[in-house]
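Contents: one structure, followed by commentary.
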Amino acid sequence: MSDLVRFSVSVERPLFERLESLVCQSGYENRSEYVRDLIREKLVEKEWKAGEEAIGTITLVYNHHLRQLSDRLAKVQHHHHEHILAVTHVHLDHDYCVEAILIRGKAEEIRHIADELRREKGVFHAGLTMSTTGKHLS
Ligand code: NI
């Protein structure tokens with residue numbers, strides 16, 4: 001672990017109280033842990049804005065009965081196979097499927113793959129979660 005640095009921050013009391021409430025609601029053991037994670041969130045956002053190599057998860061919800069939708073989604077994924085780390089498919093019920101696709105690549109490549117999948121007719125929801133390779137976070 002790197003050296004710890006202590007620093008003080010001045011904020012208005014209402015803002016401080018909201019921070020305390022967030023720390024408490026999130027179940028963090030202390031404020032420092034919470035603030036560390038806030039900083040990391042910002043660093044991940046910055047990595048994505050800078051177009052650096054990143055990790056993303058796309059979550060797709062769709063009805064597999066719709067015209068060859070499963071095939072069309074698989075075709076997009078095969079086209080980008082070098083970026084796709086893993087795919088988990090779950091049959092939610094008789095009609096609906098959810099697929100979680102873990103992707104590694106430049107931020108814009110991940111966004112591009114998410115957009116290609118999202119615009120296939122029959123996809124009800126496509127969520128993109130931004131994460132990081134962790135290289136620049138320690
Ligand atoms: Ni299914």
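Here, each number is a calculation from the coordinates, and none is a lab measurement. Given the structure is predicted, the values throughout are model-derived calculations rather than measurements. Note that we place each Cβ from the backbone using ideal geometry, even for glycine, and neighbour counts take in every protein chain shown.
Judged by the gyration tensor of its Cα atoms, with axes a ≥ b ≥ c, segment 53-132 is prolate; a/c meets the 1.5 cut and a/b is the larger of a/b and b/c.
Note on residue 37 and residue 21: the model spin-label points, each 7 Å out from Cα along the C-beta direction, lie 1.8 nm apart.
Rounded to the nearest 10 degrees, the angle from helix 107-118 to the longest Cα principal axis of the chain is 40 degrees. Taking Cα centre as origin and charging only the Cβ of basic (Lys, Arg, +1) and acidic (Asp, Glu, -1) residues, the dipole magnitude of the chain rounds to 240 debye.
Between residue 86 and residue 108, what FRET efficiency comes out of the Förster formula 1/(1 + (r/R0)^6) with R0 = 25 Å and r the beta carbon distance, rounded to 0.05? With R0 = 25 Å, the Cβ-Cβ based efficiency is 0.75. The percentage of C-alpha pairs in the chain whose separation is greater than 23 Å is 50%.
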